[in-house]
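Structure, as structure tokens:
Bear in mind that the values in this text are calculations on the coordinates, not laboratory data. In this text, all values refer to a predicted model and were calculated from it rather than measured experimentally. Cβ atoms come from the backbone with ideal geometry, glycine included; neighbour counts cover every protein chain shown.
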Amino acid sequence: MSKPDAAGRLFQAGFSCSQAVFTPFAEDAGLDTETALKLSQALGGGMAHLGFTCGAVTGAFLAIGLRHGRVRVEDSAAKEKTYAVMTEFARRFRARHGDDLSCPPPHRLRLGHGRGPKESSGRKSLSNALRDVCPGRGRDPRRPPPMTAPGPPLGGLRFAVHTFGCQMNENDSERLAGFLRAAGASPAASVAEADLVVVNTCSVRAKSEEKLQSFLGRLRTLKKKRP
């Protein structure tokens, strides 16, 4: 299976951008899949949903480090080679997608596959893998700046984000959860224990809307108990 195919399948299965990009390359280096997924998880959603550097980019940086990184302290050549490849990668990424390397806002993401022809080099395969995982990156380099976390602090509040819909909705919800964490809120163990409930639903599928109506009825009951 090609790197773009592997990355696309991982992402569509529900893994983060960073995991989807890094894992296919990690396996080539002899790193087992479970370890690769765990290692790259924290970088998803712009680093733990904080909206910082795009997970597809940090996943690529991990892959570059795995291939070129030094393993002996005296090997300064490997260190400089790693930095040089990463710098060139960032330069090309900015030239194609704009100067901003941060995680795109949810409304800019378009999940799916925009595969090009098969390419043999690791660098070109990496470029294809990035496009497959985050094709919204290539649509408009003049895209609006990333969403920022809410202004007022939410320290002490517990939140729950409930999602009805597809993988795109799930990824939007991950970003929303990241903004709430950045504003000081913490995830609740359940909807019943949350001070703030955010419902993210698909407006296309009728089944999602039906589930939403049922869920709102449950929230009304909870609201009466905790006004």
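Would you please state the base-10 log of I(q)/I(0) at q = 0.14, 0.19 1/Å for region 1-94, with intensities from the Debye formula using one equal scatterer on every alpha carbon? Here log10 of I(q) over I(0) equals -0.51, -0.90.
Scoring 174-180, 21-27 by mean Cβ neighbours within 10 Å over their residues and listing the highest first yields 21-27, 174-180. Shown in residue order for region 64-70 are the 3J(HN,Hα) couplings computed by the Karplus curve 6.51 cos²θ - 1.76 cosθ + 1.60 at θ = phi - 60°: 5, x, 5, 7, 10, x, 7 Hz (x for Gly and Pro). Name the shape class, rounded, prolate or oblate, that the alpha-carbon gyration tensor gives for region 41-86, where a ≥ b ≥ c are the square roots of its eigenvalues, rounded holds for a/c under 1.5, and otherwise prolate holds if a/b is larger than b/c and oblate otherwise. It is prolate, given that a/c is not under 1.5 and a/b is the larger ratio.
Amide H contacts of Phe164: Asn200, Thr201, Cys202, each under 5 Å away and 5 or more positions distant or on a separate chain (H built 1.01 Å from N in the peptide plane; Pro and chain starts excluded). For region 165-178, the Karplus equation 6.51 cos²θ - 1.76 cosθ + 1.60, evaluated at θ = phi - 60°, returns couplings of x, 9, 4, 4, 5, 4, 5, 4, 5, 4, 5, 4, 4, x Hz by residue, with Gly and Pro reported as x. Scanning residues 5 or more positions from Cys54 or on other chains, those with amide H under 5 Å from its amide H are Ser102, Cys103, with H placed 1.01 Å from N in the peptide plane. Here Arg70 and Asp5 are evaluated by their C-beta separation; at R0 = 25 Å the FRET efficiency comes out at 0.20.
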